[in-house]
Amino acid sequence: MTERMTGAQSLIRSLEHAGADVVFGIPGGAILPAYDPLYDSASVRHILMRHEQGAGHAAEGYAYATGRPGVCMATSGPGATNLVTPLTDAHMDSVPMVAITGQVATPLIGTDGFQEADICGITMPITKHNYLVKNAEDIPRTIAEAFHIASSGRPGPVLVDIAKDALQAATEFAWPQRLDMPGYRPVTKPHGKQVREAARMIAEARRPVFYVGGGVLRSGAHQELRVLAELTGVPVTTTLMARGVFPDSHPQNLGMPGMHGTVAAVGSLQKADLIVALGARFDDRVTGRLDSFAPGAKIVHADIDPAEISKNRHADVPIVGDCREVIADLVVAVRNDQSAGRQGDYAAWWAQLDRLRDVYPTGYEDADDGTLSPQKVIQRLGEIVGPDAAYVAGVGQHQMWAAQFIGYEKPGTFINSGGLGTMGFSVPAALGAKVGDPSRTVWAVDGDGCFQMTNQELATAAIEGIPIKVAVVNNGNLGMVRQWQTLFYEGRYSNTDLQTAPRDAKVRVPDFPRLAEAYGCVGLRCERAEDVDATIEKAMAVDDAPVVVDFSVNHDAMVWPMVGPGISNDNIQYARDMAPDWDDED
Ligand SMILES: Cc1ncc(C[n+]2csc(CCOP(=O)(O)OP(=O)(O)O)c2C)c(N)n1
Ligand SMILES: [Mg+2]
């Protein structure tokens, strides 16, 4: 069945067929034809953002909350280039997303036409795939493919750039019944022999560890992971991207590895004789100096993307497949081994790791000048708000404290920008997550620097009725950069003071609660430890407007533990100038 309509109508009809219910965007000349039929769509809600970067991060937040591709829309030229950061972000963190951009009309392409940018060329390395559509009849098939590519295999962003004359042309609409993509067939089913080999190595290992990454979240494998972990008794570490896929309260969870990981998690990888990497990519923030990472470990590496395997660290047993299927098959293989009497004995290993956990728990000390500790704010937030809420972090110290001091019990409850480390992610991503799952309480945990990059989306949140809550951990400076200046540049604080919370607290630029009020949100401030609980409760009681809380905290707090940049994980500092005693008998 075909129907006559314009390319623009065909685009909106295609979005409806693809199951898109929300589009985050900003109109402009080249995409304008699409905004006309969008006005009439009964099933696609368009949310007018204040910056295209916000539209992109909102689409990411939506994808986290729903598991479905987030959709954003922008016009040609500057609208499209403003999507470059969120597209890169989604690419680095494997977030399913479809970005639709208007392009100048085909006769203008290549002439430096008004608002022409070669967005397909620009985004080639930062999208999973992209399309330039010049003919109206190609629109339905392209949209169908874009959604399929974004959400299958290793998820990622797909950009569809559509020339204005293709949107305006008359066409026949027909939704494709079948996609014909001979070059794209992601392998999801792992090879049985490799899985059995991995199970054998788990049984034979003395010091194994599961290194669990964001792929486990994306594949929805948290239940399978728990079964595998409990069946084997192997310690588990969850990366920044995987916080929550294995409960923090579980006795086998050692916490987060990496630059600001727990001593036990970092130590477990360094001392392991077997690392089973599940949907993780041996990122430099996890491995530290690569040539000294986990020197005695054999590697089993399971990933849906064959390009990840042996990219940074040689895999002794490569397994290409969807994490959920890999882990489910591993459970079967381990059970078979166990019924044949082959089972690992990790008692000595656990004794070693338990000692590290006991002696070096992740903690903090209050400042002696009576100022509020940022860690305390974040810890209390997690305790009061609880494990059902979603916490969406910005980038910097507050992000690391959010990863360390909120207990995550459920998958998808911690949302952040891991690979790219994008300041400005938090507010729009929180907005998108709240739209994706309105029943969930969503807290943005942001920094005073990050917040100033995208806080104009508070206008979107207020006007569209999206009651997110924002905790600005206001230490008055670009804290993570300042921490590096303290540690590696002799305390020379070049350009990191933001004046958002001057020590004499006279003039704050901006004054965040007043800024929030100007945007139609509720604005609160908390400066004393004794007011933290009541302030959080006050913010929780507001459900008809977005809330921004300025937690004015200590300026000098630092994130510990820390593996300094470019150094070996062996040299992790538990606190400044304090290295753990590994007490390793080897
Ligand atoms: C877009 C962008 N620009 C610069 C950086 C470098 N950077 C990383 S953390 C950071 C400081 C963030 O400051 P703030 O939001 O106040 O967080 P804090 O570290 O103080 O908690 C900066 C500038 C970045 N990650 N992203
Ligand atoms: Mg700051």
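Only the coordinates and a few stated rules stand behind these numbers; no lab work does. This is a predicted model, so every value here is computed, not measured. Because the Cβ atoms are built from the backbone with ideal geometry, glycine has one as well, and the counts that use them run over all protein chains shown.
Would you list, by chain and number, the lysines whose Cα falls below 16 Å from the Cα of K134, excluding same-chain residues fewer than 8 positions away? The reachable lysines, counting only those whose Cα sits under 16 Å from K134, are K164.
Classify the chain from the C-alpha gyration tensor, please: rounded if a/c falls under 1.5, else prolate or oblate depending on whether a/b exceeds b/c.
Verdict is oblate for the chain.
Charging the Cβ of each Asp and Glu at -1 and of each Lys and Arg at +1, and nothing else, the dipole of the stretch 432-505 about its Cα centre rounds to 140 debye.
Legend: residue pairs K271/K434; K128/K189; K410/K538; K128/K434; K271/K311, Cα-Cα distance threshold 31 Å; pairs beyond threshold, K271/K434. Mean separation of Cα pairs under 8 Å and 6 or more residues apart, divided by the residue count, gives the stretch 130-233 a relative contact order of 25 percent.
Please name which of N571, M92, S14 has its Cα lying farthest along the dipole of the chain towards the positive end, using unit charges on Cβ (Lys, Arg +1; Asp, Glu -1) and the Cα centre as origin. It is S14, whose Cα lies furthest towards the positive end.
If you take all other residues with their beta carbon under 10 Å from the beta carbon of Q9, and give Lys and Arg +1 and Asp and Glu -1, the sum is -1.
Dipole size of the chain about its Cα centre, with +1 on Lys/Arg Cβ and -1 on Asp/Glu Cβ: approximately 940 debye, rounded to the nearest 20. Rounded if a/c is under 1.5, else prolate if a/b is larger than b/c, else oblate: which is the stretch 287-389, with a ≥ b ≥ c the root eigenvalues of its Cα gyration tensor? Verdict is prolate for the stretch 287-389. In a reduced charge model with +1 at each Lys and Arg Cβ and -1 at each Asp and Glu Cβ, the stretch 275-372 shows a dipole moment near 520 debye about its Cα centre.
Please report the antiparallel percentage of the DSSP beta bridges confined to the chain, to the nearest 5. It would help to have the intermediate numbers written out before the result.
Values: 8 of 72 bridges.
For the chain, the DSSP antiparallel bridge percentage is about 10.
Potential lengthening of the chain between Y493 and E527 amounts to 9.9 nm, from the contour at 0.36 nm per residue minus the alpha-carbon distance.
Can you check what the Kirkwood hydrodynamic radius comes to for the stretch 107-153, Cα pairs only, in Å to one decimal?
Working: mean 1/r = 0.0811 Å⁻¹.
After inverting the pairwise mean of 1/r, the radius is 12.3 Å.
Residue separation of V359 and R289 scaled by 0.36 nm, minus their Cα-Cα distance, works out to 22.7 nm of gained length. If Lys and Arg each add +1 and Asp and Glu each add -1, what is the summed charge of the other residues whose beta carbon sits under 14 Å from the beta carbon of V392? Net charge around V392: -2. Scanning the chain for trypsin sites (Lys or Arg not before Pro) lying in DSSP loops with no more than 16 further Cβ atoms inside 10 Å, the longest uninterrupted stretch between such sites is 1-133. Extending 7 Å from the Cα toward the beta-carbon at both T111 and I463 defines two label points whose distance is 3.4 nm. Shape class of the stretch 23-162 from the alpha-carbon gyration tensor: rounded, with the ratio a/c of largest to smallest axis under 1.5. What is the local net charge at R440, summed over the other residues whose Cβ is closer than 15 Å to its Cβ (Lys, Arg +1; Asp, Glu -1)? After counting each charged neighbour, the total is -1.
Using the Cβ-Cβ distance between N336 and A307 with R0 set to 45 Å, the FRET efficiency from 1/(1 + (r/R0)^6) comes to roughly 0.90.
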